[in-house]
Amino acid sequence: MKTTLHLLGAITATLCIATFFSATLFVELFGSPETIATVKKLIVMPGLLILIPAIAMTGATGFSLGKNRKGRLVEAKKKRMPIIGANGVLVLLPAAIFLDQWAAVGAYDLKFYVVQGLELIAGAVNLTLMGMNIRDGLKMTGEISPHKSGIRHEWR
């Protein structure tokens, strides 16, 4: 059950960040200022209300699942988590809030785009690290072969 909750939380969190990232790129390239403001608002609410519990569930179940486990994959996942957490708390969360506030009043200035750039970089880093954690977790459960032979045909 913990493994299922961990996977569900990890996939939900990763999909949230991927959605925020791709929606941001899309509206910056093709959207109007009003559309940008709408996306920034939706990222904060309800986006963060979905993302934060998913991350908490992933962290809590991951800590519980990994406390007595050893090995290269477990250690790699444990090393990535502080980076993911720091990016989330120190960059992504405040950036989402500030960008929402600035977009709501149409403040698309240099400050907005510097923070937007930092948010995109931190988001890309987190997506990469989270993807690596999901891959390693699937290897640990046997859903993906630890060798290059591919994915198993049946899910547990």
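Throughout, read-outs are computed from the coordinates displayed, never taken from laboratory work. As the structure is a computational prediction, the values presented were derived from the model and not from experiment. Ideal geometry is used to build each Cβ from the backbone, glycine not excepted, and the neighbour counts take in all protein chains shown.
Computed quantities for the displayed model
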{"quantity": "Cβ-placed point charges (K, R +1; D, E -1), dipole of the chain about Cα centre in debye, nearest 20", "calculated": "1020"}
{"quantity": "Among Thr35, Thr24, Thr12, residue whose mean-square fluctuation peaks in a GNM of the chain (springs only between Cα atoms under 10 Å)", "calculated": "Thr35"}
{"quantity": "Trypsin sites (Lys or Arg not before Pro) lying in DSSP loop within segment 1-102, provided at most 13 other Cβ fall within 10 Å", "calculated": "Lys67, Arg69, Lys70"}
{"quantity": "Rg in Å to one decimal, and Dmax rounded to a whole Å, for segment 2-141 via C-alpha atoms", "calculated": "16.1, 51"}
{"quantity": "Axial C-alpha extent at least 27 Å, average Kyte-Doolittle at least 0.5 - helices from the chain (DSSP)", "calculated": "2-30, 110-141"}
{"quantity": "Separation between Cα centres of segment 75-115 and segment 13-31, rounded to whole Å", "calculated": "13"}
{"quantity": "Projected label distance in nm at Phe26 and Ile50, using a 7 Å step from Cα toward the beta-carbon", "calculated": "1.2"}
{"quantity": "Ser145/Ala104 FRET efficiency (R0 41 Å; Cβ-Cβ; nearest 0.05)", "calculated": "0.25"}
{"quantity": "Cβ-Cβ FRET estimate between Thr3 and Lys79, R0 fixed at 25 Å, reported to 0.05", "calculated": "0.75"}
